[in-house]
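The values are calculated or read from the model by the stated rules, or taken from the named source; none is laboratory data. Since we're looking at a predicted model, the values are computed, not measured. Glycine also receives a Cβ, built like all others from the backbone with ideal geometry; neighbour counts cover every protein chain displayed.
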Amino acid sequence: MGSTNNFDIVFKRNNVRAGLLGLSNTSFGTNALINVTTGIDNTALGQGVLRNTTTTSYNVGIGSNALRFNTSNGNVGIGFEALTSMTTNDNYPNTAIGRGSLRNNTTGNSNSAIGDQALFANTTGVSNSALGTYALFANTTGVANNAMGYNSMLSNTTGFRNVALANAALYNNISGSYNTAVGNNAFQIGANYSNSTALGYNTVITASDQARIGNNAVTSIGGQVGWTTVSDARFKNENVQKVPGIDFIKKLRPVTYFVNYNAMNSFTGANKQNASNEHSSTSNGANDYQPNYQKTLESGFMAQEVEQAAKELGYEFNGVDAPKSNGDYYGLRYAMFVVPLVKAVQELDEKLEQKELENKTLKLLLLELEARISKLEKRG
């Protein structure tokens, strides 16, 4: 079977076109690329692939109904119904590899989806990248998101410029933006937080503008140098508020305690079944990890008591990290206690200097009295 001239070869099944070997277009499958007129360099393999393409070019569709409604250039759809709803892309092509990947995309462009139903719900969102089964599954109009891993950023719909790396990272985010999650189940909780960063397995974020490293089973975070806080006088407007020293320190109550991690996990929701473990029957024990919560006696303060102490003195103390949402909890920035402690030492030093001056004066008076007594004794 073949051709001895430059005419296209057309295949039919039950009198319906089922294949085309053209000069630049190639199709194989019932109704695949059946409406092409002036479009060139298109490849369609599978039933209904590139069915609506007429004048557009450079598309590749493989799999039943892939790129079915496409009327734009340069798209790649591989898999059952991959990019099936695609119409126009403003000449910024999309790439979809996997069953149902970018299935509902209509005019969104510059998207890349690799994995079963990756970016499935996307309609007009642009510049998104999804790698992994169900990655960015619910995204509709969100832009410039990057998700890699099974179920990563699964619930995101309108959030933009987020990064999720690993299974179920940023799983429940819906509209939050500018977030970063690295690690299995990192930042899994929270639908609308923004500008937050979670690094490590099961790291929990409880508010916007927050950065967390590791879950609450981590017992040590360190490095070769201390943490640096920006403290440049050129960028500070002097606050005339006086920092209380001794009065504030005296109100603090040092305590020893054990942390109830189960209560903390229940409060934040971290003890819920991990979204990435839905296929545990095939995990061969890979999902059996349980954090080793060590019962360690710790020392510190109660954040609520510190907050109250500062409030009583009218002191806007930024050492208390108060909750910023219903799912957030109190924390303390112990480094900030250095400031009132320094002030307390300065106040004590001033009192010590005053006492030394008083003692010096008393010594001089004593010497003078002793001299007078000595004179009186000599006269007697």
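Before moving on, here are some points about what is shown:
Condition check ((1) part of a strand (DSSP E or B); (2) of a type in the set (A, V, I, L, M); (3) more than 13 Å from ASN162 (Cα to Cα)) across all residues:
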site: ASN109; (1), (2), (3): no, no, yes
site: LEU119; (1), (2), (3): no, yes, yes
site: ASN122; (1), (2), (3): no, no, yes
site: THR133; (1), (2), (3): no, no, yes
site: THR140; (1), (2), (3): no, no, yes
site: VAL143; (1), (2), (3): no, yes, no
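- One residue stands out in the range 37-69 among those that are within 37 Å of the chain's Cα centre (by Cα) and among the hydrophobic types (A, V, I, L, M, F, W, C): the one that is nearest to THR26 (Cα to Cα), namely VAL60.
- Residue in the range 219-240 that is assigned to a loop (DSSP other than H, G, I, E, B) and surrounded by 10 or more Cβ atoms within 10 Å (Cβ to Cβ) present: yes
- Within the range 70-81, the set of residues being crowded, with 22+ Cβ neighbours inside 10 Å and over 33 Å from the mean Cα position of the chain (by Cα) comprises ASN70, SER72.
- The set of residues in the range 181-197 being under 16 Å from ASN146 (Cβ atoms) and touching a Leu at 6+ places or on another chain (Cβ under 8 Å) consists of ALA181, VAL182, GLY183, ALA186, PHE187.
- The one condition in (1) among the charged types (D, E, K, R); (2) surrounded by 11 or more Cβ atoms within 10 Å (Cβ to Cβ); (3) within 30 Å of MET264 (Cβ to Cβ) that LYS343 fails to fulfil: (3)
- Failed condition for PRO323, given (1) under 30 Å from VAL243 (Cβ atoms); (2) not in a loop (DSSP other than H, G, I, E, B): (2)
- Among the residues making up the range 177-204, those that are within 21 Å of THR158 (Cβ to Cβ), among the β-branched types (Val, Ile, Thr) and modelled with pLDDT of 95 or more are THR180, THR197.
- The numbered conditions (1) part of a loop (DSSP other than H, G, I, E, B); (2) in contact with a Ser or Thr (Cβ under 7 Å, 6 or more places away or on another chain) are all true for ALA164 except (1).
- Flag for LEU362 being of a type in the set (A, V, I, L, M, F, W, C) and touching a residue at least 24 places away in the same chain (Cβ under 8 Å): no
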